[in-house]
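Everything below concerns the one structure shown next.
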Amino acid sequence: MNDWQPSATVDRLRQRAAIIKQIRDFFSSRDILEVETPALSQGTITDVYLDAMTSAHPLQGSGPASTLYLQTSPEYAMKRMLAAGFPDIYQIAKCFRQDEIGRLHNPEFTMLEWYRRDYSMQQLIDEVAELLRCIFKLSSTKQVTYQALFLQYLNIDPINVSEQSLSSICFKNKLGDYVTQVKKAHESDSSTAVDDIKDALLQILFNQCIEPHIGQYVPICVTHFPASQASLAKLNGGDGDGGDKKTALRFEFYYKGIELANGFEELTDANVQVERFENDNQIRKSLNKPVRPIDKRFITALEVGLPACSGVALGLDRLIMLALGCDSISDVMSFDISRA
């Protein structure tokens, strides 16, 4: 058996180290502060489709053990730092997700995340594009809206389409089994089922029919996701400054059909954020998933005042895999989970 050996060669890890140095130089030249935040936290995400790994440890002496969560992203802690007055910050962090395992997924992975104060979504998109051009040694990137991609590949408007139309399109594209699974999963909660099913079907169609085709030659940025998929992003025009309010100031970068980064012009309204978290938990409950406690420290930071900012999380292992022309993130990791 050779599973005691690293999954990456020494040459690959030298190349990985060189790319990470290049990234640090990129941020240093922009006077962005590198920070570290805890991998273990008392709070966690309510995201319907992501699950955090848990641990247990007494927080006070030898008292009863408290549930702790391994971070799926350093987002909440970094935003707390911004609310406390920190300048622009970035982090290269180990993250953990109860997720599938495969060539693009490992339960433990490395995330590059950064936040820019007083940056609009477009300003951060431009900076991410600059970093990707630098790493991949390319002269250009592209940008397109979520809506335009659905019109191009499926001839539907994802912002205004009905759930019935989405179901029909799924069946036409031999994705009927997904429709059955989604509707069965949501059948116990009729109060939110239609919107939740619509979102789930949009994600299936995007993942199966659009994502594999985009960004094949240069990285592409997809912007203005539906408002229902805003997560921690502002809505487009949500503060009364124009916009359609049906889309979110959220973007994702793809390269060679692989998702690389997810970013937002960040929501700063604590009340709206609590509503979104509570809605997440309602959906989790309808799907028989454990309800997650809302991170009160993060909400308090929003109440104190998160400055206007934009932030992005980028999968570093995937970035390096693509930069080095490898087939799997295990090729650029010291030890993947099968050898850990």
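The values are calculated or read from the model by the stated rules, or taken from the named source; none is laboratory data. Because the structure is predicted, anything quoted here is derived from the model rather than measured. All Cβ positions, even for glycine, are placed from backbone atoms using ideal geometry, and neighbour counts span all protein chains on display.
Scanning the stretch 327-338 finds no residues that are assigned to a strand (DSSP E or B) and among the β-branched types (Val, Ile, Thr). Going through (1) touching a Phe, Trp or Tyr at 6+ places or on another chain (Cβ under 6 Å); (2) modelled with pLDDT under 95 one by one, residue 220 falls short only on (2). Here residue 200 passes the criteria (1) outside the structural domain of residue 224 (by TED's automatic domain parsing); (2) among the small types (Gly, Ala, Ser); (3) touching a strand residue (DSSP E or B) at 6+ places or on another chain (Cβ under 7 Å) except the one numbered (3).
Take residue 93 and tell me if it is of a type in the set (Gly, Ala, Ser), part of a strand (DSSP E or B) and either surrounded by fewer than 17 Cβ atoms within 10 Å (Cβ to Cβ) or under 21 Å from the mean Cα position of the chain (by Cα) (or both). In short, yes. Taking the stretch 93-108, which residues are touching a strand residue (DSSP E or B) at 6+ places or on another chain (Cβ under 7 Å), under 22 Å from residue 43 (Cβ atoms) and modelled with pLDDT of 95 or more? Within the stretch 93-108, 93, 94, 95, 96, 107, 108 qualify.
The set of residues in the stretch 148-168 that are part of a helix (DSSP H, G or I), of a type outside the set (Asp, Glu) and more than 16 Å from residue 213 (Cβ to Cβ) comprises 164, 165, 166, 167, 168. Output the residues belonging to the stretch 293-314 that are under 24 Å from residue 223 (Cβ atoms) and within 18 Å of the chain's Cα centre (by Cα). If the condition is that a residue be under 24 Å from residue 223 (Cβ atoms) and within 18 Å of the chain's Cα centre (by Cα), then 309, 310, 311, 312, 313, 314 are the ones that fit.
Across the stretch 49-82, the qualifying residues are those that are surrounded by fewer than 20 Cβ atoms within 10 Å (Cβ to Cβ) and of a type in the set (A, V, I, L, M, F, W, C), and the one among them that is nearest to residue 279 (Cα to Cα) is 50. Once the stretch 17-43 is narrowed to residues that are in contact with an Asp or Glu (Cβ under 9 Å, 6 or more places away or on another chain) and either β-branched (Val, Ile, Thr) or in a helix (DSSP H, G or I) (or both), the residue that is surrounded by the fewest Cβ atoms within 10 Å (Cβ to Cβ) is 28. The stretch 182-299 holds strands (runs of 3 or more DSSP E) entirely within its bounds, and those carrying 3 or more residues that are touching a residue at least 12 places away in the same chain (Cβ under 8 Å) and not β-branched (Val, Ile, Thr) map to 250-255, 258-265. Filtered by the rule that a residue be on the phi < 0 side of the Ramachandran plot, over 19 Å from the mean Cα position of the chain (by Cα) and modelled with pLDDT under 95, the stretch 265-292 gives 282, 285, 286, 287, 289, 290, 291. Test residue 71 against the stated conditions and say whether it is assigned by TED's automatic domain parsing to the domain that holds residue 300 and over 25 Å from the mean Cα position of the chain (by Cα). No. In the set (1) within 17 Å of the chain's Cα centre (by Cα); (2) among the aliphatic types (A, V, I, L, M); (3) closer than 30 Å to residue 18 by Cβ, residue 320 fails one condition alone, (1).
Of the residues 115, 119, 90, 49, the single one that is under 20 Å from residue 312 (Cβ atoms) and at pLDDT below 95 is 49.
Pairs are defined by a Cβ separation below 7 Å, a sequence spacing of at least 6 or placement on different chains, a first member in the stretch 26-39 that is in the same structural domain as residue 75 (by TED's automatic domain parsing), and a second member that is of a type in the set (D, E, K, R) and not in a helix (DSSP H, G or I); the pairs so defined are 27/34; 32/88; 33/88; 39/94.
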